[in-house]
Structure formats: structure tokens, C-alpha cells
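Shown next, in C-alpha cells, is the structure this report addresses.
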Amino acid sequence: FESLQGTFAHVQAAEAVTVPIKNHFPTREQQILALQTTSEFDVLVIGGGATGCGCALDAVTRGLKTALLERDDFSSGTSSRSTKLIHGGVRYLQKAIMKLDFEQYKMVKEALEERANLLEIAPHLSAPLPIMLPVYKWWQLPYYWFGIKLYDLVAGSQCLKSSYVLSKSRALELFPMLRKDELVGAIVYYDGQHNDARMNLAIALTAARYGAATANYAEVLRLLKTTDPAGGKERVCGVRCRDVLTGQEFDVKAKCVINATGPFTDSVRKMDDQEVPNICQPSAGVHIVMPGYYSPDNMGLLDPATSDGRVIFFLPWEKMTIAGTTDSPTDVTSHPIPTEEDINFILNEVRNYLSVDVEVRRGDVLAAWSGIRPLVTDPNSKDTQSISRNHVVTISDSGLVTIAGGKWTTYRAMAQDTIDAAIQAHDLKAGSSRTIGLQLQGAEDWSPTLYIRLVQDYGLESEVAQHLASTYGDKAFEVAKIAQVTGKRWPIVGKRLVSEFPYIEAEVVYGVKEYARTAVDMISRRTRLAFLNVQAAEEALPRIVDIMGKELNWSEQKKKEELEAAKKFLYYEMGYKVKSDQLTDSSEISLVPSDIERYKKRFHMFDKDKKGFITILDVQRVLESISVQIAENTLHDILNEVDLNKNGQVELNEFLQLMSAIQKGHVSGSRLAVLMKTAEENLRQRVVIPVDRSGGGL
């Protein structure tokens, strides 16, 4: 490995940067070997989030021998659970002006510079997004206009596009779901949006291509120390590390160790010094994902003043709608869980802004997650919102460099400051940072029309080709090459994992090359299925586990464990539990008598023998009578969704609980409800009696 690092060519030019030796990055096994056999690294980074990977890329491109260890997967923590915005922070600018706070202003200015850089170095993963700020009081129009114009002004030449004011009618034309009454107009400004986990991974893969020894599932157990012969002081000189996948332990030596562990900052600082006071004050932010029809395709919404003074974003993302976020103090955990209270808070705020014609239903929450912001404490602060999002670089007596705080958008600047500090403190031989304008994995030969070549050269569906191009950039061809032939007339290649999403099976094979080692890596970070729809993710899991099992030689037992672990992840961390809690065997029935009668009639069309329950056989009998065929295992799944006491049949009470939950908007997309309604209508049309069709939903 060391000889490999020596073979890098150095371009003697103004923007001299280490040239990556090859297009491909090493396998995880080669990376682990490099970590074990390299006698000493210059820099060892703990943490594979945006900041840690940014530090590794910054260090390796300066010609420093670099290692990175992440105990879970790249971007498995906060970095994959963001609002997906690349922004300066309109809210922070407002605070900067109100409080004449120069620190906040500087942070916004830096973030806007970084926003421009990030959109340039990974254009496939990011794009400008117009965001509408609806105005409901005349006096607010000049106030918000002034603030947003100032935001453009601070961005200066790096302003994405100029903000503008819209009349009420034009605002409703662009955002038809908006609440009409009292609307006086709107202001539209631009920020960036990205696929956060894929962006994080692109930074990690770019660092690996430049020669950094990066490994996920490599946990730091403790710091290694040596006594400095000159001053007699203890110095950090490396870490004891465990390969989580094999259980093997080994030492990794380094001149400088960097702690970039986000919410876990203090636990690594305490490995260095038990007595050190905490600097990290974690705050939880919950987001929810709803169907795409809640927002226009290319226009976000900002609610600048929620009922409790926070801001809520409502944004189109990956053909869905993302809404968030909350901000509440929390304990540090690797598995944050979204609460029903937070989900309902976001839903209520969304209701305030959307037209009364749009019923905002709890059942439309397709996924929900919580991310922990690693805010840096100001000892005098009272609440988490007044803590600055600025980053802090500290160096302990023993030389441990810690980078904490900051925000996603400024990861590169944070990394630059960290490596600058590390070089100075540890007297490392390296030049200045070279990451401005340094293109990330997939960006080099990407163009907005690249997907057309994928369609033409490989016979992929247009939607799939667009998804591959915007996820892998110029590496999309590598995925297309391994895509399976479908045997259909069209598409020629590319078998989807689930019908309504453009993810294909070849991505699972490619994901393993990109260091994915668990089914959770695949559903949440290589693809974003878990973040978009938990039920679709669960549906795709068996196939994903099968493909990964082949690639990684998993035993049947290991496949079973992976499936269970992924289901547990979806259940607790991605909002499946709070979704399924909407319909339980203790759900109350709040239906008016006429509805109860109507639903009883529908139920008894299936329960011909008046048993009080329906089984698969009852459903099959009715379906046969209207010439509809559904596979038995699918029917089993359909009934199982409503069989609340899990006794293999659906009782009348369970059916009424379902219909009541649907009426309240707690449940949506119930296959049994739609199937029974359709069957009833079909049968009714066959019996030609002039009866008015029952109105009003299901």
C-alpha cells in the first residue's frame, strides 16, 4: 500500500493536486489490509460522516498518508438524516441581523460560498431548488423581501438565481396546494438540494480513489498513547481498532488522530481524557416523507414562523415530499427514533399552509426519521436553538484533534480548518488545502443529458436512466453494464426492486463494490428506499438480501439475520412502528350509524355464512365471481395488514376499525379496503337495480 501511495503523480501546477492512481477504488478487504500493514499514517480520522470523510479527502489530496475508520457505515448517522438542503441558512441570517451578530453572519457567508462549491463539484447529486415563502400579512411582504434580498446580497457572485416576488394568483399557479384565504403573495428564493447519503459516500469514495485507507465497520476501541521523550508528555499515537464484520482487532498508528464523530464527539474525547467536560449538546430533528402530490415537482415551501417559533421546510425530494424539522434536546444514541408527537407537530404545521381541499392524512406519512444535530455548547445558552451552528476545532494536551458542530453544507471548510490545525499542531509536511473545485466521484464526465445515452446504449427505462445518472454520475455506465436483461420488449435491461421506484437489482451488486455490507446499508444509503417508503423498502428486502448473499457468500442463517436486522431498522428508526400503531386491535371505532350499516353490508358480501369473520377463501370466492385473480400469498399479505389480533382471519370489528382509521386519515393505501370496495361496486353493477352509489371515500 505504501508503495502505491508513492506512485501518485504530483502535478506541478498552481492547483497541484495528487492525481488518483486509478479509476477504481480498492475493495474493503484491501483497505483493511492497508490499515493493518501501514507502519504509520500521517492522519487518522475517526468518523465516516460528511465531516470525517471531508477531512480524509482534504488530507489525502495534500499528499498526507491518510486513514479513516467508521464503526458503522459511511453516513449512517446524522449525515444521511438531514433536510437534504445545501444552504446558507436564511434563519441564521435573520438572527445575525436582529442581534447584530457578526459570527452568525460570517457563518452564513461561508455556507453560501460552500453551497456554490458543492453544486459545482457534484452536479449529479445536487441542484438549485426554488423555495417559496408564502406571505399572509401585507406588512410582512417588505420585511421578508428585504431579508431574502439580503441573503442574495451576502451570496454575491455565488447567488444561484435572484429571488423574486409573486402575486397571489401566480403563487397559486406555481403551488396549487397552497392555502388561498388571506394569502397576499409570496417570495421565491433559491437554495441547493442534494442526496445527502450519496454525497457523503461520494466524498468517501473520492478519498479512497486518491489513496486514503478508508473502512466502514471498523470500530475504534481505545486510543493508543506514547510518552514524548522530549517533554515527557503523553501523546495520542493511534488507535486500537476492531473489524466489526470479522471481530479481528489490530492497532493503527498515526502521527495525528482526528475525532470527527458528530454526536459522539464527547465519547471519543473521554477516551483521551476522562475528566474533560462535554462540549456537544445534541438536538433531535425529525423529518417525514409524504407522497409527491403534496408539493409541486420543483418548488419547495418555507414556513418561517411555526406555532413554536421554528421553521419548517416542505420540499420535493426524489419524487416525494419531505417535511421537517423539529428541534428538541435529546440523548445521544446510534438509533434515534421518530416520535408520534413530532410527526403530528409537522403534520399540523403542514395543514396550516395547505389548501382545505387537500386532506393532510397521517396515513400518508410513508417514512419518518430522527437525526441528531451535534450542536456545540455555549455554556451560557438556555435552549438548543440559540446555540451557534458554527464549528469548533480543539486540540487536547495529548494532541487529539476534535472537529465539532458546523453543518452539512460547510463540511469542506470544516475539514480544511481541521487539517490546517492538525498540520500546525503535529508539524506535518503538507501544503494548503486543494479541495475547492475538486470534483467528487461521478462528477467528471457527467452532463445533464448523460441519461439519454444510458437509454440509447443499454435500453434502460427513461426514469431508471435519469435516476442512475443523478445517483452515480458518470459511473452510471458501470451499473448499466451489469444490469440484467428483462426478456421484455421494453425495457431491455434493468429489473426494478419495487415497481414504483426506479431502483434496479444491478445497484445492489454495485452497492457491494461501494462498501455496502448490510441490507440496511443498501435500503437506506446506497439506495434511499427506506427514507422514501418503509413498506416499499420492506417489500424489496428479500430480493436485496438474496443478491447481497450471493455477492458476499452469506449463509442462510446470515441472510435471515440481515433480513431481521433490516426489518427492525425500518420498524423503529424509519417510522414503521408509529405507522402501524395507527391501526391496532385497541383502535376505537368512531363511525356514524349509517356508515357502520354500509360497511357491515360490504363485509357480509364477503362473509356469506355470517361467521363474523372473513378468510382468504371468502375473498377468493368473491374475486372469482367478478373474474379477478390475485395470488394466494399476496392475498395472505393483504389480509394480514388488517388482521390485528393475528388469528388468520379478519373479524367484523377489525374491518370497522380499519374503515374508521381510513376515515380519520390515520391509514391510507389499505389494499383490503380498496379491494372490497371495488368488488362491491362490481357486484352491484351486475345486479341491475337502480341504487345510488354510496358516496364519500372508502
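The values are calculated or read from the model by the stated rules, or taken from the named source; none is laboratory data. All figures in this text were calculated on a predicted structure; none of them were measured in a lab. Note that we place each Cβ from the backbone using ideal geometry, even for glycine, and neighbour counts take in every protein chain shown. Calculation scope for accessible area: heavy atoms of the full protein, side chains included, ligands and nucleic acids excluded. Shrake-Rupley method; radii C 1.70, N 1.55, O 1.52, S 1.80 Å.
See the values below:
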| read-out | value |
| --- | --- |
| Computed FRET value (nearest 0.05) for N278 with N633, which takes r as the C-beta separation and R₀ as 51 Å | 0.50 |
| Charge-dipole axis of the chain as Lys and Arg at +1 and Asp and Glu at -1 on Cβ define it, positive-most pick from N216, I492, L347 | I492 |
| Greater than 18 Å apart at Cα, pairs in K95/K168; K579/K664; K65/K429; K579/K601; K225/K255; K601/K664 | K95/K168; K579/K601; K601/K664 |
| Test item: Cα-centred dipole of the chain, Lys/Arg +1 and Asp/Glu -1 on Cβ, debye | 860 debye |
| FRET efficiency estimate (nearest 0.05) - Cβ-Cβ, I452 to E681, R0 41 angstrom | 0.45 |
| Nearest-0.05 FRET efficiency for E561 and E588, computed from C-beta distance (R0 35 Å) | 0.40 |
| Spin-label model distance (nm) - E120 vs V184, 7 Å beyond Cα toward Cβ | 3.9 nm |
| Anchor K550: lysines whose Cα lies under 18 Å away (excluding residues fewer than 8 positions away in-chain) | K495, K513, K558, K559, K560 |
| Segment 449-581: relative contact order in percent, alpha carbon pairs under 8 Å with at least 6 residues between | 17 percent |
| Given (i) 26.0, 87; (ii) 31.7, 107; (iii) 27.3, 100, the label whose value is Rg and Dmax of the Cα atoms in Å derived from this model | (iii) |
| Within straight-line cross-link reach of K407, lysines at Cα separation under 16 Å, skipping those fewer than 8 residues along the same chain | K84, K106, K109 |
| Residue-normalised accessible area of segment 83-134, given per residue in Å² at a 1.4 Å probe | 36 Å² |
| Selection of chymotrypsin sites (Phe, Trp or Tyr not before Pro), segment 133-226, meeting DSSP coil and at most 10 other Cβ within 10 Å | W138, W139 |
| Sequence-distant lysines (8 or more away, or on other chains) whose Cα lies within less than 20 Å of K488 | none |
| Surface per residue (accessible, 1.4 Å probe) for segment 164-216, Å² | 26 Å² |
| Most positive-pole-ward Cα, I616, A171, C53, against dipole of the chain from beta carbon charges | A171 |
| Inter-probe distance in nm under a simple model that places probes 7 Å from Cα toward Cβ, at E597 and N647 | 2.9 nm |
| Value of relative contact order over segment 574-659, rounded to a whole percent, pairs C-alpha under 8 Å and six or more apart | 37 percent |
| Pair E234, V485: separation of 7 Å Cα→Cβ label points (nm) | 6.5 nm |
| Gain upon complete extension [D297, D581; 0.36 nm per residue less C-alpha separation] | 99.2 nm |
| Whole-percent carbon and sulfur share, accessible surface of the chain, 1.4 Å | 52 percent |
| About the Cα centre, charge dipole magnitude for segment 433-579 (Lys/Arg +1, Asp/Glu -1 at Cβ), debye | 220 debye |
| Rounded accessible area per residue of segment 532-578, 1.4 Å, Å² | 51 Å² |
| Dipole magnitude of segment 588-686 about its Cα centre (Cβ charges: Lys, Arg +1; Asp, Glu -1), debye to nearest 20 | 340 debye |
| Between segment 484-498 and segment 115-171, the alpha-carbon center distance in angstrom | 41 Å |
| Length-normalised contact order of the chain in % [C-alpha pairs under 8 Å, at least 6 apart] | 14 percent |
| Positive-end residue of V356, T377, F314, charge dipole of segment 265-383 with Cβ unit charges | V356 |
| Most to least packed among 277-289, 241-253, 30-42, 68-80 [average Cβ atoms within 10 Å] | 68-80, 277-289, 30-42, 241-253 |
